[in-house]
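Down below is the structure, laid out as C-alpha cells.
Each value in this text was obtained by applying a stated rule to the coordinates, not by laboratory testing. Every value quoted in this text rests on a predicted model; they were computed, and no experiment measured them. Here the Cβ is made from the backbone with ideal geometry for all residues, glycine too, and neighbour counts use every protein chain on show.
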Amino acid sequence: MRKIISILVPLLFSMATQATVINYKASGQYASGADTIGTVKTYQDSLYIYSIDGKSDSKVSAFTGVDQGTFDNLSTGNAISGSAYQNSVTVDTGSVFSFDWLWFSSETSNSPYNDFAFVNLSLGDLSWIADTSTPDWTTGSFEWEATESGLLTYTVGVFNVNDDTVKSKLIVNNFSVSAPVAVPAPAMLGLFALAVLGFSVSRRKKG
C-alpha cells in the first residue's frame, strides 16, 4: 500500500512551491533605466525609494498609470511629489507576488505632512503600505495572489504630502513570484482511487 501511494502521490501533486527571485535593473548607486522616477538608489540587495528630490504628482501619476486624485485619497492630504520603481514579471493564476519592506520618515507622526508609501499592480489594485503613522523602522511583507495569468507590472513608490522638503523612504528587497500549486486533475484522482481499491481487493483475496 505504501509503495503504491509513494508512486501515485507525486503524479497527483507538484513539489513544494518554489519562488523565483526577480532581479531589478541597477547600475552603481542609482537604479537605472526607464523603470524609475525621482530618487531611487540601490545598496547591496535593496532599493531605497525617497520622497525628497522626487518628481511632481502628475509625473508620478503618469508613470504609475494611476489618477492623481487617487493618490490624494490614499493619504490625508495633497500628494505633492514622489519617487517610484517599476518592473514587470509574468505570473500564472495562483502565483504569489511578494516583497519585503522597511519604512522610515523624518516627518512627525500623524502630522498634516503625512508622507506615504504605496504599491500599484496592473493586474490588481493600488495599495497603501505605510505612512507617518507607521513607526519608524517598521518592517513588513507585501503579498498578492494572481487571479489570472498575464504580465504583471508593479510600481512601488513614496509620496510627499503637503510639502516636498522632509525625507521619507521605503527600503524594499526580496521581490519574488512563486509558481502556483498544482491541483490534482479529476482523472488522476480516479486513478488513485482505483489503485487503492484494487490493492484492498487483492489483499482480501489473499486472506
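Based on the mean of other Cβ atoms within 10 Å per residue, sort peptides 119-129, 133-143 so the most packed one is first. Write out the running numbers ahead of the final one.
Values: 119-129: 16.3, 133-143: 12.2.
The most tightly packed comes first, giving 119-129, 133-143.
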_Percent RCO, i.e. relative contact order, over segment 18-180, from Cα pairs under 8 Å lying at least 6 residues apart_ = 34
*Could you tell me what % of all Cα pairs in segment 18-180 have separations over 24 Å?*
29
*Along segment 36-53, what does the Karplus equation 6.51 cos²θ - 1.76 cosθ + 1.60 (θ = phi - 60°) give for ³J(HN,Hα), rounded to whole Hz, x for Gly and Pro?*
9, 9, x, 9, 10, 10, 10, 8, 6, 9, 10, 9, 10, 10, 10, 7, 6, 6
